[in-house]
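Each remark here refers to the structure printed beneath this line.
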Amino acid sequence: MATVIRQPPKHGNMITILSVDGGGIRGIIPAVLIEYLESELQELDGKDARIADYFDMISGTSTGGLITAMLTAPNKNNRPLYAGNEIVPFYLQHCPKIFPQSNGLFGLLDPVRGVAIGPKYNGKYLHDTVRNILGTTRLHETLTNVVIPTFDIKKLQPVIFSSYQAKTITALDARLSDICIATSAAPTYLPSHYFTNQDKDGTTAEFDLIDGGMAANNPSLAAFSEITKQISKGNPDFGSIRPLDCSRFLLITLGTGSNKTEQKYNAKMSAQWGTVNWIFFNGSTPIIDVFSEASADMVDYHNSVLFQAFDSQHNYLRIDDDTLKGTLASVDIATKDNLNNLVKTGNELLNKPVVRMNLATGLYEPVPGAGTNAHALKRLAKVLSDEKKLREANAKAASN
């Protein structure tokens, strides 16, 4: 497989961004969507086409951060480590060992034990697996730019691992394995992650990190902001594109699903809660649900306002499913049946209509004439393919 040189936006018409939310095992849902998008790109440009060849930035939080690394880390041939159709099988193989399911009396006691003495899972299998697949690859080595949010619990501030920042703040040029372990360290589920990294001057930086979902469960705005900063600084890769000109951005953001149809909580019950109930209530972790859903929805609201204000809503696609029920909405029930049902959910989501946030109500409504999510991804695959070809032609002409 030949090395692909991705030309910068200055040779084309738009900046392209792909973003993947956090959500534990529910990462299977966007993985199904990514597989479909890559298959459409391969229909247009050949079997060697990969997601990383078409996007100027790929962002991901938690499970989305792992997907981001898998799509962009180079293999020995300097091509993406994983193809789109290899991510779902990875989840099916490894999730049952990352989130081992307890049975019998001990299974009933595990949630209570977790609240009392430590995270629900020790993270060892996840950490070993991530280190094994990503090796010593560092942030600056990804095949396209990436953004992976984390949160420093010692400094009480977000740490955004960005390809652009890694070029100037070399302490952030950490190993991808450490970044992925950190962004996945969901409180109560997996342990926090401490690691060190040396900058170019040999100074050691320390990181005390937890799940990026605490800062940006939907990391698309973080990606958008990183690129906007580069444009504002005059990065020549972006040519004449102006900051916040949404007519020149293409943003695809993939959610991992949620359960908003079954109302698990309300003010009357939560008014009586203390610390333990906010951490554990009827098998759920309300405080995590609140943080992750609020983060994702507020970012989608901001994006919707911005793209609609520029009359560029056709350049923004958010695909998510807020009708997940029962174990499908969990982040860690990694039984064979539940994982297979998540694959089924992802495929069903492809056939659901494209929806867009109503800015007056905050509710999602079908977009007239937009068809299904599969139709939308097929349309955008053509846009991505045309943009790539345009850049290559203009770069060739500029070099002659």
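The values are calculated or read from the model by the stated rules, or taken from the named source; none is laboratory data. Because the structure is a prediction, the values reported are computed rather than measured. Cβ sites come from the backbone with ideal geometry, for glycine too, and all protein chains shown count toward neighbours. The area values use the complete protein model at the heavy-atom level, side chains included, leaving out ligands, DNA and RNA. Shrake-Rupley method; radii C 1.70, N 1.55, O 1.52, S 1.80 Å.
Numerical summary
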{"item": "Which of 283, 347, 303, positive extreme of dipole for the stretch 280-400 (C-beta unit charges)", "result": "347"}
{"item": "Å² of accessible area per residue within the chain, as computed with a 1.4 Å probe and no ligands counted", "result": "45 Å²"}
{"item": "Max mean-square fluctuation residue, GNM over the chain, Cα-Cα springs under 10 Å, options 377, 156, 66", "result": "156"}
{"item": "For the stretch 286-341 and the stretch 225-275, distance of Cα centres in Å", "result": "10 Å"}
{"item": "Rounded to the nearest 20 debye, dipole of the stretch 139-184 from Cβ charges on Lys, Arg, Asp, Glu", "result": "120 debye"}
{"item": "Cβ-derived FRET efficiency at R0 25 Å, residue 97 paired with residue 262, nearest 0.05", "result": "0.30"}
{"item": "Percent carbon-and-sulfur accessible area, the chain, ignoring ligands, DNA and RNA, probe 1.4 Å", "result": "54 percent"}
{"item": "Cα→Cβ-extended label distance, 7 Å offset, between residue 136 and residue 290, nm", "result": "4.6 nm"}
{"item": "MRE, 222 nm, helices only [DSSP H, n ≥ 4, -39500 (n - 2.57), over the chain, to nearest 500]", "result": "-13500 deg cm²/dmol"}
{"item": "Between helix 220-232 and the chain: long-axis angle, C-alpha atoms, 0 to 90°, nearest 10", "result": "40 degrees"}
{"item": "Cα→Cβ-extended label distance, 7 Å offset, between residue 76 and residue 311, nm", "result": "5.5 nm"}
{"item": "Relative contact order of the chain, defined on C-alpha pairs under 8 angstrom at six or more residues apart (%)", "result": "24 percent"}
{"item": "The stretch 287-392: relative contact order in percent, alpha carbon pairs under 8 Å with at least 6 residues between", "result": "21 percent"}
{"item": "Magnitude of the charge dipole, the stretch 326-400, Cβ model with Lys/Arg +1 and Asp/Glu -1, debye to 20", "result": "380 debye"}
{"item": "The chain, dipole about Cα centre (Lys/Arg Cβ +1, Asp/Glu Cβ -1), debye to the nearest 20", "result": "300 debye"}
{"item": "Farthest toward positive dipole pole in the chain [+1 Lys/Arg, -1 Asp/Glu at C-beta], among 239, 18, 323", "result": "239"}
{"item": "Among 123, 357, 140 - extreme Cα towards positive end, dipole of the chain, charges at beta-carbon", "result": "140"}
{"item": "Inter-probe distance in nm under a simple model that places probes 7 Å from Cα toward Cβ, at residue 240 and residue 271", "result": "6.1 nm"}
{"item": "Length-normalised contact order for the stretch 235-335 - Cα pairs under 8 Å, 6+ apart - percent", "result": "50 percent"}
